[in-house]
Amino acid sequence: NRINAEYGDVTIEGLYERHAASLVELLSGQHKDWTRHSPDQNLFGELLLRSGPTCGEIMPAVYQIFKDCTATEKDPELRMTMFTLLGRLLRDTPVTSEASKQLSLFSVPIITEIVTPNLEWRAGRTAGTVRCAAISSLWALLKSNLLSRDALKQVQEKLVAQLVSNLDDDNCATRLVCCNCFNFVLQTGGKECFGPDELHKVYVELLKRLDDSSDELRVAVTSTLKTFFSLLPEDYNRELYKAHLQFLYRGLLIHLDDPNQAIQEAVYDVLCEAGRVWPSYLCEHIENVKHKHRSSLYCDKLLAAFKDS
């Protein structure tokens, strides 16, 4: 056929290697005028998702297109389309590929220049949908392990502030994905990034989500709270930070008596981790509320675990 006649025995991958860079260059000359329905925008998406390893070689130009097309002054529908495409790119790129390595190098600017500006609160349902699309692409980046601990240190303060803010978003899906992102960020950063001062800034909003209207989110936030307690250092000053632990223990024990048994079990798991911080102090709080609970089962199990600690 015509392709074989012109290029010989060339593979599809070989065609992308030869022409992807020139195609992206051609598209980047027009991208600032794109709308959601622009043919070039659709072509860009197909090029990215089909180019395989070649995607890594064109990443600087690709990043610039994403940055310009997700600017907050752009059409919301275009931004949502671009975030959907970005999420697919982040999820579908093989971890061992050159494209994945290039995406990892761009993880910091993707977060600071593309994602977090679109996480800022703006009124309206459409703005809320954009936030959901943005947080979903962040989740794709995190799940693909493209954000290293060193890279996280560069974006930690601003990213954590936006995650805390979006935990209270009107959209349940945004809150849920945000909670998952929060857990992943805490796990990635570990004790090296999150000392007591940093952790104290976030637990109030996490604890509030145990009152969420979504049971799925309430279970998810218990995983984040377990990570939170696991990051408290062994030399955590319990007397100095007693007020923080009091607030946490009291709040968790309220939900240990939740009508939903799945929530009870999830909160019990959190308290098993939390009790290691100050066992006797947790037991004191349990003794104060045990008689108010529908069942003393989980209280008794916690007392048995920590009474002599």
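Restricting the search to region 266-303, which residues are over 23 Å from Lys242 (Cα atoms), touching a residue at least 12 places away in the same chain (Cβ under 8 Å) and assigned to a helix (DSSP H, G or I)?
Answer for region 266-303, where residues must be over 23 Å from Lys242 (Cα atoms), touching a residue at least 12 places away in the same chain (Cβ under 8 Å) and assigned to a helix (DSSP H, G or I): Ala266, Lys292, Tyr298, Lys301.
Whether any residue in region 57-65 is in contact with a helix residue (DSSP H, G or I) (Cβ under 6 Å, 6 or more places away or on another chain), under 23 Å from Val130 (Cα atoms), surrounded by 14 or more Cβ atoms within 10 Å (Cβ to Cβ) and modelled with pLDDT of 90 or more is what I want to check.
For region 57-65, residues in contact with a helix residue (DSSP H, G or I) (Cβ under 6 Å, 6 or more places away or on another chain), under 23 Å from Val130 (Cα atoms), surrounded by 14 or more Cβ atoms within 10 Å (Cβ to Cβ) and modelled with pLDDT of 90 or more: present.
Can you confirm whether region 247-270 contains a residue that is small (Gly, Ala, Ser) and more than 30 Å from Ala173 (Cα to Cα)?
Within region 247-270, the subset small (Gly, Ala, Ser) is 251, 262, 266.
When the remaining residues are screened for being more than 30 Å from Ala173 (Cα to Cα), the result is none.
Looking for residues that are small (Gly, Ala, Ser) and more than 30 Å from Ala173 (Cα to Cα), one finds none in region 247-270, hence no.
Within region 145-171, can you find the residues that are more than 23 Å from Leu103 (Cα to Cα), buried (at least 20 other Cβ atoms within 10 Å of the Cβ) and out of contact with any Cys (no Cβ under 8 Å at 6 or more places or on another chain)?
Those that are more than 23 Å from Leu103 (Cα to Cα), buried (at least 20 other Cβ atoms within 10 Å of the Cβ) and out of contact with any Cys (no Cβ under 8 Å at 6 or more places or on another chain): none in region 145-171.
Report those helices (runs of 4 or more DSSP H) wholly inside region 32-137 carrying at least 3 residues which are free of Cβ contacts under 8 Å to residues at least 60 places away in the same chain and of a type in the set (A, V, I, L, M, F, W, C).
39-50, 59-69, 76-92, 98-105
Name the one entry in Ile114, Ile110, Ile135 that is buried (at least 17 other Cβ atoms within 10 Å of the Cβ) and either charged (D, E, K, R) or within 17 Å of Leu167 (Cβ to Cβ) (or both).
On inspection, the qualifying residue turns out to be Ile135.
Among what's in region 172-202 and is open to solvent by less than 20 Å² (accessible area, probe 1.4 Å) and among the β-branched types (Val, Ile, Thr), pick the residue that is farthest from Ser230 (Cα to Cα).
Thr174
Please note which helices (runs of 4 or more DSSP H) are completely contained in region 157-265 and include at least 3 residues that are among the aliphatic types (A, V, I, L, M).
Values: elements: 172-193, 196-200, 203-208, 215-230, 242-255.
Qualifying helices (runs of 4 or more DSSP H): 172-193, 203-208, 215-230, 242-255.
Which residues, taken from region 290-304, are touching a helix residue (DSSP H, G or I) at 6+ places or on another chain (Cβ under 7 Å) and not basic (Lys, Arg)?
His293, Ser296, Tyr298, Cys299, Leu302, Leu303 - these are the residues of region 290-304 that are touching a helix residue (DSSP H, G or I) at 6+ places or on another chain (Cβ under 7 Å) and not basic (Lys, Arg).
The values are calculated or read from the model by the stated rules, or taken from the named source; none is laboratory data. No experiment lies behind these values; they were computed from the predicted model shown. For neighbour counting, all protein chains shown are included, and Cβ atoms are generated from backbone atoms with ideal geometry for every residue, glycine included. Quick note on the areas: whole protein, heavy atoms, side chains included, nothing else; ligands and nucleic acids left out. Shrake-Rupley method; radii C 1.70, N 1.55, O 1.52, S 1.80 Å.
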